[in-house]
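Okay, so here's the structure we're looking at.
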Amino acid sequence: MSEPWRATLLLWKYFALSFSALLPLVNPLGSALIFLGLVGSEPIHVYRSLARRIAINTILFFAVIDLVGSTILNFFGISLPIVQVSGGFVIAAMGWSLLNQKDTQPNAEKLQAAAQIESAEVEGKLMQKSFYPLTFPVTAGPGCIVVMLTLSAHIPNKTVTQSIVAHAGLFLAVIVLSGIVYLCYAHAPRITSAISPSTAHGILRVIAFILLCIGVQIAWNGLDPLLSGILR
């Protein structure tokens, strides 16, 4: 297999892995319901302006976590297998929780953050809160930080090319996910009226199961070298 072909496969592998892991946590459809309630009966340009700002903030938020994640782990002396095991268990637990969730509403952290700006009715005041709490934690909560740290630590560093390509796949997933956030938020009134809660819940169930499997796989990737070291 040629080197460009391997790089392409690696790119799409980490794109699919990152997108599948982050999508149910960001939950654009469920978060759009909260977003609609926060903005209320504002003109469409307010929705689009806010959605654009939040999408950009989401990209920057994930990019910073990806860039400084390895530095934080090295500072605290945390090894890659430990991060994989811990993060894998956390991701699997999130997937299990989402799999058994009774509705499509975002988690309690998002709801609590949303309650902080229920009285915001003007565009200027909403724009001031475009990062906190509209981006964090309404759109991307603490769970996303854990997932990003785990994904970043899971990226191979055998060669510089592999590392760059894998990070590019992760960043591409973040961009696509942020684009979906923009579409859901900018057209929140139309989307929430067109898609039934049961349909959104069914989609979330499938994604949650994939997230559960991803968490178990990442945890096993960390357990394998740890168990090998013990057995030796």
*How would you rank 52-58, 223-229, 145-151, highest first, on the average number of other Cβ atoms within 10 Å across their residues?*
145-151, 52-58, 223-229
*Highest-fluctuation residue, Gly215, Gly30, Gly143 considered, GNM on the chain with Cα pairs under 10 Å*: Gly143
*Gain in span if fully extended, Gln162 to Asn74, counting 0.36 nm per residue against the direct Cα distance*: 29.7 nm
*Among Cys144, Cys213, Cys184, which one moves the most in a GNM of the chain with springs linking Cα atoms closer than 10 Å?*
Cys213
_Inter-label distance, nm, simple model (7 Å from Cα along the C-beta direction), Trp220/Phe89_ = 1.8
*Subtracting the Cα-Cα distance from 0.36 nm times the residue separation, let me have the gained length for Asn100 to Ser198 in nm, one decimal.*
33.9 nm
*With contacts defined as alpha carbon pairs under 8 Å and 6 or more residues apart, what's the relative contact order of the chain in percent?*
48
_Choice from Val160, Val174, Val90 with maximal GNM fluctuation in the chain (Cα, 10 Å cutoff)_ = Val160
*How much length is gained if the chain between Ala16 and Ser41 is pulled fully straight, taking 0.36 nm per residue apart and subtracting their Cα-Cα distance, in nm to one decimal?*
5.4 nm
*Place a +1 charge on the Cβ of each Lys and Arg in the chain and a -1 charge on the Cβ of each Asp and Glu, then give the dipole magnitude about the Cα centre in debye, rounded to the nearest 20.*
240
*Give me the log10 of I(q) over I(0) for the chain at q = 0.10, 0.17 Å⁻¹, as the Debye formula computes it from C-alpha points; what are the numbers?*
-0.49, -1.22
*How far is helix 44-75 tilted off the main Cα axis of the chain, in degrees rounded to 10, range 0 to 90?*
20
*To the nearest 0.05, how large is the calculated FRET efficiency for Ile56 and Ile82 if R₀ is 35 Å and r is the Cβ-Cβ distance?*
0.55
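Read-outs: derived from the displayed coordinates by stated rules, not from any lab. Just so you know, these numbers come straight off a predicted model, no measurement behind them. Reconstructed Cβ throughout: ideal geometry from the backbone, glycine too, with neighbour counts over all protein chains shown.
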